[in-house]
Amino acid sequence: MANTQKMSAREAARLFLGAQGLLESPSRRVSPESLLSLVRSLGFLQIDTIQVVARAHDLTLHARRDGYRPPHLEALRQRRQLFEGWTHDASLIPAEWYPLWKARFRTDDARIRAHNWWRSLLGESSSEICRAVMVRIREEGPLKSADFAHPEKRGPWWGWKPQKAALDYLWRTGQLAVVCRDGFQKVYDLPGRVLPKVHELPEPEEKTSLDWFCAGAAERLDVFTPRELAGFWCAVDLASARRWCEGAAKEGRIEPVEVASADGSPPQSAFALPGWRSRARREGPERIRLLSPFDPIVRDRARAVRRFAFDYRLEAFTPKARRQHGYYVLPILDREELVGRLDAKLHRDRGTLEVRGLFWEARIRCGVGRRRRLVEALERLAAFSGAKSIEGLPARM
């Protein structure tokens, strides 16, 4: 493409880290307004049930704000400023964006109905089951899966009963909404009762939605390919993302770039927001951050390799004998580099944060400064998680 500028791997890494809030000082004060602003800047907050040290969404926010604590996020949920929806996975999303998800509800409806796994769970009487679930919630108010009895469980994965599958289907398609989590189980109600201020707002036109999703993803990536743009919210297809990039480049809203790769692979054709050179000079604070395995920086494995020469995979679902690093390993971000991974576990019964494994990348050396920064990061993580002590940190690192 004409007028394509060259971008170094370090510049691309800085742009991505900056767009995702990891070049800012984490000492900023946490308030409901600042936390909501942070979630908006991230785009969404992926949530997950695993709690080896802390929940994934809490770790993501803690990496960006030292003063963050889980009640801060719960307060936003109770004030209905966030809703639980679907991006690439279950996520917390600013509530004012709810109308943009209405098209996604229809898309997911068709996709779920066509999926063999859902068919096996709901069986031939799916419409009757969904109707019965809706009647109970309409008449009784918020309910969770445990409130529905069923003599059998179906399906090869988690053995979901039909009513649990129906609840999830009705949520994914916008017919129900998640009120809260009870022991991390979803509690469902009618969306008009959960999100009264935004539920009835009109759905934007298709062209407006496409531009919002693509432009919004571009802002939160800063440098991107059409595939990464489409994959950010998982709300537009690749062909639409490519067409948007072509149009936005002609309008000067984005610029074509050739991005060098940190892992030595061939340069990649991509796009960046205008003014990227000045933003790419920004440096992060001199500190180590311990990231969630679901942090946006490492969610796309191929991108993490290209941007940081860091090949990361969550091994929680890998058989123990085949794990290389551990069940729930935290990526280590030192200023602008992903330098290693930490296998840690919180023992809540004795208030101890245990370091079970520490793995530096082959290119990394741990000097006095890096060791000090890691100890400080562990101390912050211990304080955040409620641990009174840290054990298992090797004397030599």
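The values are calculated or read from the model by the stated rules, or taken from the named source; none is laboratory data. Worth saying up front: this structure is predicted, and the values here are computed from it rather than measured. Note: ideal-geometry Cβ built from the backbone for every residue, glycine included; neighbour counts use all protein chains shown. Keep in mind that these areas ignore ligands, DNA and RNA; they rest on the heavy atoms of the full protein, side chains included. Shrake-Rupley method; radii C 1.70, N 1.55, O 1.52, S 1.80 Å.
The length gained on full extension between Arg119 and Trp212, counted as 0.36 nm times the residue separation minus their Cα-Cα distance, comes to 30.2 nm.
For the range 200-248, chymotrypsin sites (Phe, Trp or Tyr not before Pro) meeting the loop criterion (DSSP other than H, G, I, E, B) and having at most 11 other Cβ atoms within 10 Å: none. Computed with a 1.4 Å probe over protein heavy atoms only, the accessible area of Thr208 comes to about 80 Å². By the rule of a C-alpha distance below 26 Å, with chain neighbours fewer than 8 residues away ignored, the lysines paired with Lys144 are Lys102, Lys153, Lys161, Lys164, Lys186, Lys197. Structure remark: mean-square fluctuation, Gaussian network model of the chain, C-alpha springs under 10 Å; the largest value among Gly326, Gly252, Gly67 belongs to Gly252.
Cα centroids of the range 185-207 and the range 363-377: 47 Å apart. Shape call for the range 1-120 from the C-alpha gyration tensor, a ≥ b ≥ c root eigenvalues: rounded (a/c under 1.5), prolate (a/b greater than b/c) or oblate? Here the range 1-120 falls in the oblate category.
Between Arg356 and Asp343, Ala344, Lys345, the built amide H atoms are under 5 Å apart, and every one of these is 5 or more places off in sequence or on another chain. A Gaussian network model of the chain, with springs between Cα atoms under 10 Å, assigns the largest mean-square fluctuation among Arg281, Arg242, Arg55 to Arg281. Backbone geometry of the range 136-143 corresponds, through the Karplus equation with coefficients 6.51, -1.76 and 1.60 at θ = phi - 60°, to 3J(HN,Hα) couplings of 4, 5, 4, 8, 9, x, x, 9 Hz, x marking Gly and Pro. Evaluating kT/(6 pi eta Rh) at 4 °C and 1.567 mPa s, with the Kirkwood radius of the chain over Cα pairs in the Stokes-Einstein relation, gives 57 µm² s⁻¹.
Rounded, prolate or oblate: which one fits the range 193-320, using the alpha carbon gyration tensor with axes a ≥ b ≥ c (rounded when a/c is under 1.5, else prolate when a/b beats b/c, else oblate)? Oblate shape, in that a/c is at least 1.5 and b/c is the bigger or equal ratio. For the range 139-292, averaging the sequence separation of C-alpha pairs within contact (under 8 Å, six or more residues apart) and dividing by the residue count gives a relative contact order of 13 percent.
In the chain, the DSSP-assigned H stretches of four residues or longer account for a calculated mean residue ellipticity at 222 nm of -11500 deg cm²/dmol, using -39500 (n - 2.57) per stretch and the full residue count as denominator. Here the dipole of the range 98-152 is about 360 debye; that uses its Cα centre as origin and unit charges on the Cβ of Lys and Arg (positive) and Asp and Glu (negative).
Classified by the C-alpha gyration tensor, the range 317-362 has an oblate form. Its axis ratio a/c, with a ≥ b ≥ c, is 1.5 or above, and a/b does not exceed b/c. Couplings 3J(HN,Hα) of the range 9-17, computed from phi: 5, 5, 4, 5, 5, 5, 4, 5, 4 Hz, in residue order, whole Hz [Karplus 6.51 cos²θ - 1.76 cosθ + 1.60, θ = phi - 60°; x for Gly and Pro]. From a point 7 Å beyond the Cα of Ala362 in the direction of its Cβ, which residues of the range 306-339 have a backbone N at a distance under 13 Å? Within reach of a label on Ala362, which here means backbone N under 13 Å from a point 7 Å along Cα→Cβ, the range 306-339 contributes 310-311. Ordered from largest to smallest accessible area (heavy atoms of protein chains, 1.4 Å probe), the residues Arg40, Arg380, Arg307 come out as Arg40, Arg380, Arg307.
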